[in-house]
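Colleague: Can you read through this structure? Questions will come right after.
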Amino acid sequence: MVTRMRRLAVAAIAAVIALGVGACRTVNGQAAVPAPRVIAGVFGGMGPEATANFYQLVVELTPAGKDQEHVATLIYSFPQVPDRTTAIRTGDPTIIPFLVEGVTRLEKAGASFIAIPCNTAHYYFGAMQKAVTIPILNMIELTAERVALDHPKAKKVGLLATSGTIATGLYEKAFAARGIAVVTPDPAMQEESVMGAVYAIKAGGDKREAEEKLFRAGKSVEAKGAEVVVLGCTEIPLAFNASRSGVPVVNATRVLAEATIRTYQMLSLRGASDT
């Protein structure tokens, strides 16, 4: 009996996801199951702990007084996506089908829009957006805009990100459009401190050691005149101690979480006004 009930529950959930949003569905002849009008899609797993941290921020930052006021969310954690920095360095296009799989699966499952808590993956933003009809939030542009709005006098930011993200120039382009220069750690510091910390975090390593490495990297960009430090990799906030920074810190993961909440609320209001 318990097994049968579990099977029915799984069937009900699968049916709601497969059939889409904004309607009531009848499952196995039982009472109609209301599907959410709006669902936030999260393409994660790059890496898994960073995705969990992103969703935790979405929960913490949502102004909800009860469960039902939180963001309806579909999370597709797909850690088998090849290493983004390696793909960019080698020019390997085989990563693209993995990324397209991620966003198209979320759209087919009923997502209304997609957030991708991985800065480096945004190098392939165009290919992913082209693969779906729903909007994908651009983490890079959102973060650059947040810095410009919150720190209007800043003319130079220090970027702590993967070597892949730095190589793409995505943040440099986004900030240049707003009249802001970007400085990064020297190559040796970048590899030893930033990438060393990022890969250690991904491997479940000691976050205290990662914190010290990121502290040194942060101080290196401060020494280059950074007026704001941008955490442009979703692993970095897991170990970076903002209280030790000598300048304001902007966490791109938090920026994306806030944008996810805003987008969900906006689409929910729009849907309510259309009924």
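Each value in this text was obtained by applying a stated rule to the coordinates, not by laboratory testing. Quantities reported herein were computed from a predicted structural model and do not represent experimental measurements. With ideal geometry, Cβ positions are generated from the backbone for all residues, glycine too; neighbour counts draw on all protein chains shown.
Colleague: I'd like the Karplus ³J(HN,Hα) series for region 223-235: coefficients 6.51, -1.76, 1.60, θ = phi - 60°, whole numbers in Hz, and an x wherever there's a Gly or Pro.
Modeller: 5, 8, x, 5, 9, 9, 9, 9, 8, x, 8, 6, 7
Colleague: Using only Cα atoms, find the angle between the long axis of helix 48-61 and the longest principal axis of the chain, and express it within 0 to 90 degrees, rounded to the nearest 10.
Modeller: 80 degrees
Colleague: Here's a follow-up. Please report the Cα spread of region 90-212 along all three principal axes, rounded to whole Å, starting with the longest.
Modeller: Ordered largest first, region 90-212 gives principal extents of 42, 37, 27 Å.
Colleague: Further question on the same structure: Taking Cα pairs under 8 Å and at least six residues apart, what relative contact order does the chain come out at, in percent? Don't skip to the answer; put the middle values down first.
Modeller: Working: 455 pairs, mean separation 53.3, N = 275.
About 19 percent, as a whole number.
Colleague: Mind listing the phi-derived Karplus ³J(HN,Hα) values for region 131-139, rounded to whole Hz, using 6.51, -1.76 and 1.60 with θ = phi - 60°, and x for any glycine or proline?
Modeller: Whole-Hz 3J(HN,Hα) from phi for region 131-139: 7, 10, 9, 8, x, 10, 6, 9, 4.
Colleague: Using the Kirkwood radius over Cα pairs, work out the Stokes-Einstein diffusion coefficient for the chain at 4 °C and 1.567 mPa s, in µm²/s as a whole number. Present the calculation step by step, with values, prior to reporting the outcome.
Modeller: On the way: Rh = 19.9 Å.
For these conditions, the coefficient is 65 µm²/s.
Colleague: Report the relative contact order of region 140-251, percent, no decimals, based on alpha-carbon pairs under 8 angstrom and at least 6 residues apart.
Modeller: Details: 175 pairs, mean separation 35.3, N = 112.
That works out to 32 percent.
Colleague: Right, here's the next one. How much of the DSSP bridge set in region 140-251 is antiparallel, in percent, rounded to the nearest 5?
Modeller: Details: 0 of 10 bridges.
About 0 percent, rounded to the nearest 5.
Colleague: Rounded to the nearest 10 degrees, what's the angle between the helix 95-109 long axis and the longest principal axis of the chain, both from Cα atoms, 0 to 90?
Modeller: That works out to roughly 40 degrees.
Colleague: Name the long-range amide H neighbours of Ile75: under 5 Å, sequence gap of 5 or more, or other chain; modelled H, no Pro or chain starts.
Modeller: Amide H to amide H, under 5 Å and 5 or more residues apart or across chains, Ile75 pairs with Val42.
Colleague: Here is a further query. When the dipole is taken about the Cα centre of the chain, and only Lys, Arg (+1) and Asp, Glu (-1) are charged at their Cβ, what size is it in debye, to the nearest 20?
Modeller: Values: 28 positive and 24 negative charges, 115 e Å.
So the magnitude is around 560 debye.
Colleague: With a 10 Å radius around each residue's Cβ, average the other Cβ atoms per peptide and rank 228-241, 66-79, 253-266, highest first.
Modeller: On the way: 228-241: 25.1, 66-79: 14.4, 253-266: 20.4.
Going by the mean number of other Cβ atoms within 10 Å, highest first, we get 228-241, 253-266, 66-79.
Colleague: Turning to a different aspect of this structure: Run the reach check for Lys207 against lysines, Cα to Cα strictly under 30 Å, same-chain hits fewer than 8 apart removed. What comes back?
Modeller: Straight-distance partners of Lys207: Lys156, Lys219, Lys224.
Colleague: Given the options Ala252, Leu238, Val100, identify the residue whose Cα lies farthest towards the positive end of the charge dipole of the chain (+1 on Cβ of Lys, Arg; -1 on Cβ of Asp, Glu).
Modeller: Val100
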